[in-house]
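The values are calculated or read from the model by the stated rules, or taken from the named source; none is laboratory data. Keep in mind that what you see is a predicted model, and the values were worked out from it rather than measured. For neighbour counting, all protein chains shown are included, and Cβ atoms are generated from backbone atoms with ideal geometry for every residue, glycine included. Quick note on the areas: whole protein, heavy atoms, side chains included, nothing else; ligands and nucleic acids left out. Shrake-Rupley method; radii C 1.70, N 1.55, O 1.52, S 1.80 Å.
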Protein chains: 4
Amino acid sequence: MAFRYRRRVEFAETDQAGIAHFSVFFRYMEEAEHALWRAAGLSIAPQGQAGWARVAAGFDFKAPLRFEDECDIFVDIAETSRRKVRYAFTFKHGDRVIGSGTMTTVPVNKSADGILTGYDVPADVLERLRAQLS
Amino acid sequence: MAFRYRRRVEFAETDQAGIAHFSVFFRYMEEAEHALWRAAGLSIAPQGQAGWARVAAGFDFKAPLRFEDECDIFVDIAETSRRKVRYAFTFKHGDRVIGSGTMTTVPVNKSADGILTGYDVPADVLERLRAQLS
Amino acid sequence: MAFRYRRRVEFAETDQAGIAHFSVFFRYMEEAEHALWRAAGLSIAPQGQAGWARVAAGFDFKAPLRFEDECDIFVDIAETSRRKVRYAFTFKHGDRVIGSGTMTTVPVNKSADGILTGYDVPADVLERLRAQLS
Amino acid sequence: MAFRYRRRVEFAETDQAGIAHFSVFFRYMEEAEHALWRAAGLSIAPQGQAGWARVAAGFDFKAPLRFEDECDIFVDIAETSRRKVRYAFTFKHGDRVIGSGTMTTVPVNKSADGILTGYDVPADVLERLRAQLS
């Protein structure tokens, strides 16, 4: 069972074609990911820490979203490895599928000089996220 | 030979990790596409027309961009079919590869009631875009 | 009594200083305005219509907002004239005042060739908005 | 004589009313400010430093900007005090005035725990900025 995040399309997110701009869907995926973290009692980027970096992101667009549409974003963990988590997302407006996407993320620390370095996905974090998906 | 679009990272595009937010890369791909159109003497969305809708977009992130970095975005047409154009993008900061992405777009008209309908990729448009790539 | 809209700061809205970018506050004011309209049973921009244009907007920043902060945005109607509505906003994070702003808007229609033209503020709209503020 | 920054309206910056969203003008003001700094041989936020925080920002909108419009943004320093710099901006599209705005900024340092603290406006910075305005 996927985690659900509901998001309303704001006016500033529409473009002159009268629909939510395609880049907005990537922000929505990230918001849904962070909502999942909060539901698990976690924050993905506690103050002063770098958080998780994206190594890949993609989206297939099936139908547009319009101003004030409320979109249900379903988040699932599609795959994990030692240093990566890949999320899968399905966007629905009511029963209509709006599209689906994936986002592959890696945990990173930031040194004092701003360099980002990866580390192993913490097992307890994964466990807590997964507890929200079942 | 790909078309080149140069873009500087603006402050508002950075996030608290100190790098350009990943969603910004999708905006940059679109800006590069539109710059290619202008170079070809075209506008992708003349006032009052809908333009081209995205059916898919993806990006693989290799290295971060930071505030005021100037990024070279190389645009190529990777594939075309009757109703689609797929662009391929490579982002470089100097000699360093920042990442690569694709964007698949379809030409759409917008009816008076806001419905978007696809039509065939105009041959002369493709020809003019390709002339910028060789 | 002002209308309250609650908004959480999203990661993409932070900048490299680790706080919500100042331009985001203008988006929040607009979101709060639109939430007030929805609470009044209205939509500020029904599909196919232009909506309301801003003629002035300003904000005084007192304290920063950070990732995942939940901000209460209080909306009030500060002033109206035949063709204008001026909203006043106060942002609070818990008891702390984050800042305050104003936004002056005018109702506009959009002609087929894209020209925006103002018209008189509809009395029934004002009445319904005000009913949410008392 | 003001410093000039030229900016083209990108597609993602338009909204469903077919014009550049009003929040975008605040980003443009900041971009113009940062371009002035670069012209003066400075960076407003060297990697690892906080930069300048906004304490006030406002804009009066006279005419809309549309997709691909090239806007000239004229930056001037309207007022300075020990801890503040207030910039004034005029936006023009060709000869047409699009609007004007102001932005008041204060230099801030960021401590290890993320607290922002103001300091005096450096005299040499002001001098170098002003050299670009005359």
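Looking across region B:70-82, just one residue is open to solvent by 30 Å² or more (accessible area, probe 1.4 Å) and under 15 Å from residue B:19 (Cα atoms), and that is B:70. Filtering region D:60-80 for residues that are part of a loop (DSSP other than H, G, I, E, B), touching a Lys or Arg at 6+ places or on another chain (Cβ under 8 Å) and of a type in the set (S, T, N, Q) leaves an empty set. Please work out which residue is most open to solvent (accessible area, probe 1.4 Å), limiting yourself to region D:48-62 and to residues that are more than 19 Å from residue C:27 (Cα to Cα) and at pLDDT below 95. This residue is D:49.
If you go through region D:13-41 and keep only what is of a type outside the set (Lys, Arg), part of a helix (DSSP H, G or I) and farther than 13 Å from residue D:64 by Cβ, you end up with D:26, D:28, D:29, D:30, D:31, D:32, D:33, D:34, D:35, D:36, D:37, D:39.
All of (1) at pLDDT 95 or above; (2) surrounded by fewer than 17 Cβ atoms within 10 Å (Cβ to Cβ) hold for residue D:20 with one exception: (2). One residue is enough: does region D:83-97 have a residue meeting the conditions small (Gly, Ala, Ser), in a loop (DSSP other than H, G, I, E, B), open to solvent by less than 50 Å² (accessible area, probe 1.4 Å) and touching a strand residue (DSSP E or B) at 6+ places or on another chain (Cβ under 8 Å)? Scanning region D:83-97 turns up no residue that is small (Gly, Ala, Ser), in a loop (DSSP other than H, G, I, E, B), open to solvent by less than 50 Å² (accessible area, probe 1.4 Å) and touching a strand residue (DSSP E or B) at 6+ places or on another chain (Cβ under 8 Å).
Can you find a residue that is out of contact with any Pro (no Cβ under 8 Å at 6 or more places or on another chain) and at pLDDT below 95 anywhere in region B:92-109? Checking region B:92-109: at least one residue is out of contact with any Pro (no Cβ under 8 Å at 6 or more places or on another chain) and at pLDDT below 95.
Criterion first (away from chain B (no Cβ under 14 Å), open to solvent by less than 30 Å² (accessible area, probe 1.4 Å), among the charged types (D, E, K, R) and within 23 Å of residue C:69 (Cβ to Cβ)) does residue A:10 satisfy it? So residue A:10 passes the test. Remark: residue D:39 matches the filter, which requires a residue to be more than 11 Å from chain C (Cβ to nearest Cβ) and surrounded by 16 or more Cβ atoms within 10 Å (Cβ to Cβ).
Taken together, the residues in region C:43-78 that are touching a helix residue (DSSP H, G or I) at 6+ places or on another chain (Cβ under 6 Å) and in contact (Cβ under 8 Å) with a residue 60 or more places away in the chain amount to 2. Residues that are over 21 Å from residue D:16 (Cα atoms), open to solvent by 80 Å² or more (accessible area, probe 1.4 Å) and part of a loop (DSSP other than H, G, I, E, B) within region C:105-134 comprise just one, C:134.
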